[in-house]
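Laboratory data are not the source of any read-out in this text; all were calculated from the coordinates shown. These numbers come from a predicted model, not from an experiment. Cβ placement follows ideal geometry from the backbone for every residue including glycine, while neighbour counts extend to all protein chains displayed.
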């Protein structure tokens, strides 16, 4: 067998090998049924996380969608940090999905004291009161998965949510509830969709030979 034939045979083997099959990746897309927008008077107050007393909902409503499964827990530790600022007396963004191990900075951009604290089970902390010129900017590293509710003890209306996830496969929907997750390897997963602090939908999905999968949470 000459060298050209050997290269062709090698290419055929690689194309149909189990390794090539494992490297196949898919796109998962769909829609999430979102709650109705908050009343106009709430929007006028620029509250970007609204509460009915026990449940926090983003304003405007969006969903956080992610995959859980065997292959997601083996993914690399995140390399990028994240930020939630305090500006115009709101947390921005008011909803932040991150991977376990991410460090989040909390800069104050208002000319007034702010404070960031949480009593959530996944992360309990209190950064104390600080002005915008105080350095270094306070940070927290989130090493456990879960839902973190943030508050400011100076301004009662300020609230935000961090979702700490054990997967790199997550995304935010648009305000119509549409989402797309790309480059997903083969496997069995649970697809989850968070819409507020009390509601998370989930569906089991299997990614095999299909490259486009559509899922809806109605």
Query raised in the report: Within region 24-217, what percent of beta bridges assigned by DSSP are antiparallel, to the nearest 5?
Result: 75 percent
Query raised in the report: Can you give the direction-averaged projected area of the convex hull of the alpha-carbon atoms in region 163-218, in nm²?
Result: 4.4 nm²
Report summary line: per DSSP, antiparallel bridges as share of beta bridges in region 88-190, % nearest 5, sits at 75 percent
Query raised in the report: So if we plug the beta-carbon distance of residue 175 and residue 80 into 1/(1 + (r/R0)^6) with R0 = 30 Å, what FRET efficiency do we get, rounded to 0.05?
Result: 0.75
Query - Gain in span if fully extended, residue 111 to residue 153, counting 0.36 nm per residue against the direct Cα distance - result: 13.5 nm
**Report entry** Cα Rg, Dmax (largest Cα-Cα span) when computed across region 24-217, Å
**Finding:** 17.5, 56
Query raised in the report: Where does each of 180-189, 128-137 land if you order them by average Cβ count within 10 Å, highest first?
Result: 180-189, 128-137
